[in-house]
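S.K.: There's a structure below that I have some questions on.
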Amino acid sequence: MITAVLFSITALFFLFLFIKPFLDRRLHFRFCVLCASVATTWISMLLLSWFTALFIDTRLLALLMGGSVVGIVYTFSSKNM
């Protein structure tokens, strides 16, 4: 399971890295490629665990979600200072 998650994050990282210059022109905000890759991975894991019979390691899912929450809090706290 951990191998699939790491592969997913890596593949999404390079995909988002490739399309980021095109999205920067269209979107009115900037986004972190690594954050988007991790968030897409845990959202897909969460949806897979809800709608299929796949066994998803909840500890790994919680670790990825926690990392996203810490990143969001860090972003907001650094903008308010």
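The values are calculated or read from the model by the stated rules, or taken from the named source; none is laboratory data. On a predicted model such as this, the values are computed, not experimentally measured, just so you know. Methodologically, a virtual Cβ is constructed for each residue, glycine included, from the backbone with ideal geometry; neighbour enumeration extends over all protein chains shown. The accessibility values were calculated without ligands, DNA or RNA, using every heavy atom of the protein model including side chains. Shrake-Rupley method; radii C 1.70, N 1.55, O 1.52, S 1.80 Å.
S.K.: Take every Cα pair under 8 Å in the chain that's 6+ residues apart, average their separations, divide by the length, and report that relative contact order as a whole percent.
M.R.: Relative contact order here is 30 percent.
S.K.: Run the helix sum for the chain: -39,500 (n - 2.57) per DSSP H stretch of 4+ residues, divided by residue count, reported at 222 nm to the nearest 500 deg cm²/dmol.
M.R.: The per-residue figure over the chain is -29000 deg cm²/dmol.
S.K.: How much of the accessible area of the chain, probe 1.4 Å, is carbon plus sulfur, in whole percent?
M.R.: On the chain, the fraction of accessible area on carbon and sulfur atoms equals 75 percent.
S.K.: While we're on this one: Say each of Leu34 and Phe14 gets a label point 7 Å from the Cα, pointing the same way as Cα to Cβ; how far apart are those two points in nm?
M.R.: If labels sit at Leu34 and Phe14, their model points lie 1.8 nm apart.
S.K.: With each label point set 7 Å from Cα along the Cα-Cβ vector, what nm distance links Val73 and Ser44?
M.R.: My value for the distance between the label points is 2.8 nm.
S.K.: Let me ask something additional. In nm, to one decimal, how far is the modelled label at Phe7 from the one at Arg26, with both set 7 Å along Cα→Cβ?
M.R.: 2.8 nm
S.K.: With every protein chain present, what is the per residue accessible area of the chain (1.4 Å probe, Å²)?
M.R.: 79 Å²
S.K.: Using the C-alpha gyration tensor of the chain, what are the square roots of 5 times its eigenvalues, in whole angstrom, with the largest one first?
M.R.: 25, 17, 10
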